[in-house]
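Participant: So that we are looking at the same thing, I have put the structure below in structure tokens.
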Amino acid sequence: MDIRVLGPVEVSEGGAQVPVEGAQQQCVLGMLAAHHGAYVPVDRLIDALWEEDPPKTAKTIVQLKVSQLRKTLGERIASTTAGYSLAVPAEEVDLVRFRRLAAEGHAAGRPELAVAAWERALEQWRGQPLQGVGTGWVEQRVRMPLLRELWDLLEELAAALIELGRHREVPTLLQGVRHEEPLRETPHALAMTALWHDGRTAEALELFHDVQRLLARELGVDPGPRLRDLHQRIVQGHRPMVPRQLPRDVAGFVGRRAEAERLRCLLRDGRVAVVTGAAGIGKSALAVRVGYQVAPCYPDGQLHVDLGGHGQGEPLPPERVLPRLLGALGVPAPNGAAEQLGLYRSTLAGRRVLLVLDNAASAEQVRPLLPGGDTCGVIVTSRDALRGLALQGAQSVRLGTLSPEEARDLLAGLVGSEPVQADPEAAAELAELCGHLPLALAIAGANLLGRAGLRDYIQELHADRWSTLAVEGDAQATVATAFAGSYAALPPDAQVLFRRFGLVPGCDFTAASAARLAGGDPGTARRLLSRLASAHLVEEHAPGRYRLHDLVALYAREHCTEGDDDPAPLHAYYLHTVRAAGRLLAPSVELLPLTPEDPPDDAERFAGAEAASTWFRAEQLNLLAVIDHARGRLLWRLVESLRAFMYDGYQPDVIIALAGRALAEAERADDRAGQAAMRHTLANAWFMLNEPRPAIRHSQLAARLYDEIGWKTGTLLALSNLVMGTTSLGNLHESLANHERIIRLWEAFEPTTKLAMALENYAITLLWAGRAGDALDRQLRSLRVRQALAEPPGGQARAHTVLGDIHLTLGNVEAAIDAFDRGLEAASGGSGQDRAAGRPAAGGSQVARTLAGAALAWYLKGDAARAADLARLAVRAAGEDRRPSSGYDEASGTLARVDVSLGLDERVRLLEDVLAAYRDRAYPFLDTRARVWLAEVLVEGGRPVEAARHARQARDAAVRYGMRRLEGQALTVLARACPDGIHDARRAVELHREFGHRLDEAAAQAVLDRLLDRP
């Protein structure tokens, strides 16, 4: 069967027309086809048929039209409480075929393939979508969005045709969209470009003036920058220049004959040639050499760009490269990357230009820079294999080291043939020491200039040889002396700083961190860094941030460090600065107070949380490098400080590994404070991984150790962790008693967020036990404490979410929705620095949990469509977090519970996946709730036997752990699934009434009434 809606609504089967009688039937079918794969609510069908003035019998008429369609289409229309859907294979609907072909074009690696797919996509269109049927609602909500999809594709097709030099087809192609949407500037710009490149300059200028008059008449404005820039280039008669950008050819180039011939063959065949190999292997030299050889084949010019993939700073993004290329071609670059890309490819279309993209970092960096057609030649060099470019038909030419003969010839070209011929054995030995690597040989050749022979230099190499060189994995390839002269020429204070860099194998340095090593102020450090940069011993890879090349760092570490060099000042800087940042970014995290045993304070001062966050993001890797090389008390002090960054910084498994190492050292040294801090850190990390059992064990030990050293705050923190762990494991009776004790202890201190958290954790435990009324009292107290402390929005997001859960349990749906809305506002950074910085105040896991709670609230309110939308957002937010604690399983379970459009099998699969995930953890409440939801979905889907099995399992778990609300919900499902469920229903009513679960009580009462009324 073929259902067509991109034009008049039609159905055919086996080539024969299948009549669909009447405009209303056609409208209903068109709506279902336009939303293929989803359920269309009855209300939307009513809007499509009558908009604002439906008859009182509208729902009945819709049902009648669907019934008539079923007579025509058979069982191809499915229905649920969510509405109706078209249950036909995707290929039987022209709109779905159109979108599939459009997607194929977008995924195509080459413009000619994209054009072929898009032309087939356009064949699906026969006129206006849903032509002649529906109300103004259909016009605005269905027809216009589909037309915009068509117009977007026409623009993309036109741009691709211009890339391929098929200019003459473009004006006709765009005629329709230019007529339908005359104020849309992109089709006009594409048509002008095509006319201009086709030699029809006068027509292009006339088109511009037509658009200019239209915009002045309709809107009173001038054309936009893109049209004005294009008009100016046409008027000024800009024609692409003939660039000659290849760098100077390498003197003394040797070897690579086979590789050069392979490159030339690829260029002749129109393929993208990728030259790959290790650093210093000679990739750029080969690309330039072949570029000069084939230059006569590219009379329109040769372009060369160093993409900076493996040099100073970050790799150049395409949006910074395109203006350079356009400028080299004599074409002013318009604003906007998309416009630049289109103009760049249009300028190169049909021309013979060689493009050398040197030192690429990735396929993603290169792909937007490739010309559209196959008339241009492209050579890319990179240390990376760039396998992703295979989609664009690229092929690789891999370079290895030089042969012994080629290395000898290169050396002779560098130092002269006489020393090489005079002592061929020495020349061979020198080439071997250099690993036959062109860069290493070039460095050696430069150092040999002015020397009488090779032997003395070879002896120096033997004495100073490193363990590595640029050829990765070859421990024998080294040229240490290349840096000795530069180091010796440094002034003494710069030598001190350089060699102390070798003490700390971090990633990079700032003037602040370098000052600690140099023993001076940041101004002096900046001067010394500038001197080292001039000597090419450090590089400023980003403003204010310096780093050493791997080989230079190795040289500093192995050849320059002296016995009196001490990294302790740098260690003190990192210890105190990371603690200062943590106090601003996570004020609720408390660490063991510092003592005289710790280094003196040397923290960087921050203006606020944003400055602290910026520092931490820049220094994360350096901090890990310092921790990797720290020992003893400094090690556990640094690891302890990471607790402040566990939620938005380091992954928990990284912290577990570091804390485990620090704990072992503290135990060997019998350092009780260090053991306590590391047990506490390990507990928090295991909680982050949703593993309460190891978290409980470490919390118990941390509490005992803190008690031994007399830090009462630490004891309380560890006990709080312990109670939350026992709650997670379902030991609710024990947890409730311990919560009361902990709150009394916190109340002895000044009010802090610790008291608020203790109250909130108590509220959660009460809620899980079904005591929602008591939970509400504690949570409101927690919120009052938070508000009095002016807590940042991130902490309040969780508090409002818990409040929403409590209100929902009590049946206060409107209050729950309001609480969840407040939680979402807080999670998104309701005010202050988080919102100003454009980042959420709470992580994706908290956002996901808040959205999931809101989805349940709207579902209970009766708005299933809104509930499903919120649940999908929750799944997306949790998926972006990518941590075990992200709440992804909770969000997926909520989606399965509230989204009735998914279909029974898909909902069951989702909930079974959630249960499988919980099976590997220890969260009885979440596991039991998911099992109740699965039972509810099964009983609603007409599978009572399976529903009863899961309901019994949920009931038994709820009874075992004291989760009274879940017990009542499980009993309700059991009563629905079993004919003799009166006793279960009656018990559910009693439970929910006892604990004030109004909605749950009403649901159980409805089941009981139905069973009692049954004959």
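The values are calculated or read from the model by the stated rules, or taken from the named source; none is laboratory data. These numbers were taken from a predicted model, which means no experiment stands behind them. Note that we place each Cβ from the backbone using ideal geometry, even for glycine, and neighbour counts take in every protein chain shown.
Participant: Is it true that ARG697 is at pLDDT 90 or above, closer than 18 Å to ASN721 by Cβ and out of contact with any Ser or Thr (no Cβ under 9 Å at 6 or more places or on another chain)? Steps first, please.
Facilitator: Numbers: at pLDDT 90 or above: yes; closer than 18 Å to ASN721 by Cβ: yes; out of contact with any Ser or Thr (no Cβ under 9 Å at 6 or more places or on another chain): yes.
Yes; evaluated as a whole, the condition is true for this residue.
Participant: Tell me, which helices (runs of 4 or more DSSP H) lie completely within the stretch 151-230 with 2 or more residues that are of a type outside the set (A, V, I, L, M) and free of Cβ contacts under 8 Å to residues at least 24 places away in the same chain?
Facilitator: Values: elements: 170-180, 185-197, 201-218.
Helices (runs of 4 or more DSSP H) meeting the threshold: 170-180, 201-218.
Participant: Right, here's the next one. Look through the stretch 694-708, keep the residues that are in contact with a Leu (Cβ under 7 Å, 6 or more places away or on another chain) and not aliphatic (A, V, I, L, M), and return whichever of them is farthest from TYR888 (Cα to Cα).
Facilitator: Let us first name the residues in the stretch 694-708 that are in contact with a Leu (Cβ under 7 Å, 6 or more places away or on another chain), namely 696, 698-700, 703.
Subset that is not aliphatic (A, V, I, L, M): 698-700.
Working: HIS698: 26, SER699: 26, GLN700: 29 Å.
Across the stretch 694-708, the extreme among qualifying residues is GLN700.
Participant: Tell me, which strands (runs of 3 or more DSSP E) lie completely within the stretch 261-372 with 3 or more residues that are in contact (Cβ under 8 Å) with a residue 40 or more places away in the chain and over 27 Å from ALA533 (Cα atoms)?
Facilitator: Numbers: elements: 272-276, 302-306, 354-360.
Correct list: 272-276, 354-360.
Participant: Looking only at the stretch 753-765, count how many residues are farther than 23 Å from ARG965 by Cα and free of Cβ contacts under 8 Å to residues at least 40 places away in the same chain.
Facilitator: To start, the set of residues in the stretch 753-765 that are farther than 23 Å from ARG965 by Cα comprises 753-757.
Checking the rest, the ones that are also free of Cβ contacts under 8 Å to residues at least 40 places away in the same chain come to 755.
Final tally of qualifying residues: 1.
Yes/no per residue for (1) surrounded by 20 or more Cβ atoms within 10 Å (Cβ to Cβ); (2) closer than 18 Å to PHE687 by Cβ; (3) outside the structural domain of ARG697 (by TED's automatic domain parsing); (4) touching a residue at least 60 places away in the same chain (Cβ under 8 Å):
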{"residue": "THR713", "(1), (2), (3), (4)": "no, no, no, yes"}
{"residue": "LEU716", "(1), (2), (3), (4)": "yes, yes, no, no"}
{"residue": "LEU719", "(1), (2), (3), (4)": "yes, yes, no, no"}
{"residue": "VAL723", "(1), (2), (3), (4)": "yes, yes, no, no"}
{"residue": "ALA737", "(1), (2), (3), (4)": "no, no, yes, no"}
{"residue": "ARG741", "(1), (2), (3), (4)": "no, no, yes, no"}
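Participant: Further question on the same structure: Considering only residues of the stretch 743-784 that are of a type in the set (Asp, Glu) and in contact with a helix residue (DSSP H, G or I) (Cβ under 9 Å, 6 or more places away or on another chain), which is surrounded by the fewest Cβ atoms within 10 Å (Cβ to Cβ)?
Facilitator: As a first pass, look at the stretch 743-784 and keep what is of a type in the set (Asp, Glu): 747, 750, 760, 774, 777.
With in contact with a helix residue (DSSP H, G or I) (Cβ under 9 Å, 6 or more places away or on another chain) added as a condition, the list becomes 747, 760, 774, 777.
Values: GLU747: 12, GLU760: 24, ASP774: 19, ASP777: 15.
Among those that are of a type in the set (Asp, Glu) and in contact with a helix residue (DSSP H, G or I) (Cβ under 9 Å, 6 or more places away or on another chain), it is GLU747.
Quick grid of which residues meet (1) in a helix (DSSP H, G or I); (2) in the same structural domain as VAL626 (by TED's automatic domain parsing); (3) of a type outside the set (Asp, Glu); (4) at pLDDT below 75:
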residue	(1), (2), (3), (4)
GLY523	yes, no, yes, no
TYR546	no, no, yes, no
HIS559	yes, no, yes, yes
LEU575	yes, yes, yes, no
VAL578	yes, yes, yes, no
LEU584	yes, yes, yes, no
PRO587	no, yes, yes, no
GLU590	no, yes, no, no
LEU594	no, yes, yes, no
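Participant: Conditions: (1) assigned by TED's automatic domain parsing to the domain that holds VAL20; (2) surrounded by fewer than 16 Cβ atoms within 10 Å (Cβ to Cβ). LEU153 meets all but one. Number of the miss?
Facilitator: (2)
Participant: Same structure again: Restricting the search to the stretch 277-315, which residues are modelled with pLDDT of 85 or more and either assigned by TED's automatic domain parsing to the domain that holds ALA533 or not small (Gly, Ala, Ser) (or both)?
Facilitator: At the first step, the residues of the stretch 277-315 found to be modelled with pLDDT of 85 or more are 283-291, 302-307.
Result: LYS283, LEU286, VAL288, ARG289, VAL290, GLN302, LEU303, HIS304, VAL305, ASP306, LEU307.
Participant: Which residues, taken from the stretch 981-998, are in contact with a His (Cβ under 9 Å, 6 or more places away or on another chain) and over 13 Å from LEU966 (Cα atoms)?
Facilitator: From the stretch 981-998, those in contact with a His (Cβ under 9 Å, 6 or more places away or on another chain) are 991, 998; that's our starting set.
If the condition is that a residue be in contact with a His (Cβ under 9 Å, 6 or more places away or on another chain) and over 13 Å from LEU966 (Cα atoms), then ARG998 is the only one that fits.
Participant: Check off (1) surrounded by fewer than 22 Cβ atoms within 10 Å (Cβ to Cβ); (2) of a type in the set (A, V, I, L, M); (3) under 25 Å from ARG545 (Cα atoms) for LEU591 and give me the number that stays unchecked.
Facilitator: Among (1) surrounded by fewer than 22 Cβ atoms within 10 Å (Cβ to Cβ); (2) of a type in the set (A, V, I, L, M); (3) under 25 Å from ARG545 (Cα atoms), LEU591 violates only (3).
Participant: Separate question: I'd like to check something: does the stretch 1006-1014 contain any residue that is within 47 Å of the chain's Cα centre (by Cα) and more than 20 Å from HIS950 (Cα to Cα)? Walk me through how you get there before you give the answer.
Facilitator: Looking only at the stretch 1006-1014, we keep the residues that are within 47 Å of the chain's Cα centre (by Cα), and these are 1006-1007.
Okay, now just the ones that are also more than 20 Å from HIS950 (Cα to Cα), so 1006.
Yes - at least one qualifying residue is present in the stretch 1006-1014.
Participant: Would you check if there is a residue in the stretch 92-105 being in the same structural domain as LEU154 (by TED's automatic domain parsing), assigned to a helix (DSSP H, G or I), among the basic types (Lys, Arg) and exposed (fewer than 14 other Cβ atoms within 10 Å of the Cβ)?
Facilitator: In the first step, residues of the stretch 92-105 are kept if they are in the same structural domain as LEU154 (by TED's automatic domain parsing); the result is 92-105.
Subsequent filtering for residues that are assigned to a helix (DSSP H, G or I) retains 92, 94-105.
Among the residues that remain, those that are also among the basic types (Lys, Arg) are: 97, 99-100.
Next, only the ones that are exposed (fewer than 14 other Cβ atoms within 10 Å of the Cβ) stay: none.
No.
Participant: Using beta carbons and a limit of 7 Å, which pairs, at least six apart or on different chains, have the first residue in the stretch 83-104 and touching a residue at least 24 places away in the same chain (Cβ under 8 Å) and the second one aromatic (Phe, Trp, Tyr)?
Facilitator: From the stretch 83-104, the pairs are GLY83/TYR39; TYR84/TYR39; SER85/TYR39; ALA102/TRP118.
Participant: Anything in the stretch 24-55 that is loosely packed, with under 14 Cβ neighbours inside 10 Å and farther than 17 Å from ALA82 by Cα? List them, or say none.
Facilitator: Selection gives GLU52, ASP53, PRO55.
Participant: Within the stretch 392-435, track down each residue that is surrounded by fewer than 15 Cβ atoms within 10 Å (Cβ to Cβ) and of a type outside the set (Gly, Ala, Ser). Please lay out each step first, then the result.
Facilitator: Going residue by residue through the stretch 392-435, those that are surrounded by fewer than 15 Cβ atoms within 10 Å (Cβ to Cβ) are 398, 400, 403-405, 416-418, 421-422, 424-425, 432.
Residues satisfying the conditions are ARG398, PRO404, GLU405, GLU418, GLN421, PRO424, GLU425, GLU432.
Participant: Here's something else I'd like to know. With the condition kept exactly as written, say whether any residue in the stretch 67-85 is assigned to a strand (DSSP E or B) and at positive phi. Even if it seems obvious, please write down each step before you answer.
Facilitator: Within the stretch 67-85, the subset assigned to a strand (DSSP E or B) is 77-80, 83-85.
Pick out the ones that are also at positive phi and you get 83.
Looking through the stretch 67-85, at least one residue is assigned to a strand (DSSP E or B) and at positive phi.
Participant: Please work out if ARG631 is surrounded by fewer than 24 Cβ atoms within 10 Å (Cβ to Cβ) and either over 28 Å from ARG547 (Cα atoms) or among the β-branched types (Val, Ile, Thr) (or both). Quick ask: steps written out before the conclusion?
Facilitator: Working: surrounded by fewer than 24 Cβ atoms within 10 Å (Cβ to Cβ): yes; either over 28 Å from ARG547 (Cα atoms) or among the β-branched types (Val, Ile, Thr) (or both): no.
Answer is no for this residue.
Participant: Pick out the one residue from ASN690, ASN684 that is surrounded by 22 or more Cβ atoms within 10 Å (Cβ to Cβ) and modelled with pLDDT under 85. Spell out the reasoning first.
Facilitator: Values: ASN684 fails: modelled with pLDDT under 85.
Sole residue among the options that is surrounded by 22 or more Cβ atoms within 10 Å (Cβ to Cβ) and modelled with pLDDT under 85: ASN690.
Participant: Moving on. So, VAL945, is that one closer than 22 Å to LEU999 by Cα, touching a helix residue (DSSP H, G or I) at 6+ places or on another chain (Cβ under 9 Å), aliphatic (A, V, I, L, M) and assigned to a helix (DSSP H, G or I) or not?
Facilitator: Values: closer than 22 Å to LEU999 by Cα: no; touching a helix residue (DSSP H, G or I) at 6+ places or on another chain (Cβ under 9 Å): yes; aliphatic (A, V, I, L, M): yes; assigned to a helix (DSSP H, G or I): yes.
No.
Results for (1) within 25 Å of GLN63 (Cα to Cα); (2) assigned by TED's automatic domain parsing to the domain that holds GLY7; (3) touching a Leu at 6+ places or on another chain (Cβ under 9 Å), shown as yes or no for each residue.
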site	(1), (2), (3)
PRO89	yes, yes, no
ALA116	no, yes, no
ARG120	no, yes, yes
TRP125	no, yes, yes
LEU130	yes, yes, yes
PRO145	no, yes, no
ALA159	no, yes, yes
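Participant: I'd like the residue in the stretch 361-391 that is among the aliphatic types (A, V, I, L, M) and either touching a Pro at 6+ places or on another chain (Cβ under 8 Å) or not assigned by TED's automatic domain parsing to the domain that holds LEU326 (or both) and, out of all such residues, is surrounded by the most Cβ atoms within 10 Å (Cβ to Cβ). Step through it out loud before you land on a result.
Facilitator: Narrowing the stretch 361-391 to residues among the aliphatic types (A, V, I, L, M): 361, 363, 366, 369-370, 378-380, 385-386, 389-391.
If we keep only those that are either touching a Pro at 6+ places or on another chain (Cβ under 8 Å) or not assigned by TED's automatic domain parsing to the domain that holds LEU326 (or both) as well, we get 361, 369, 378.
On the way: ALA361: 20, LEU369: 22, VAL378: 25.
The residue in question is VAL378.
Participant: Continuing with the same structure: State whether the residues of the stretch 679-688 include one that is in contact with a His (Cβ under 9 Å, 6 or more places away or on another chain) and either outside the structural domain of VAL639 (by TED's automatic domain parsing) or over 21 Å from SER845 (Cβ atoms) (or both).
Facilitator: yes
Participant: Looking at (1) surrounded by fewer than 23 Cβ atoms within 10 Å (Cβ to Cβ); (2) small (Gly, Ala, Ser); (3) under 36 Å from the mean Cα position of the chain (by Cα), which is the one condition that is false for GLY804?
Facilitator: Condition not satisfied by GLY804: (1).
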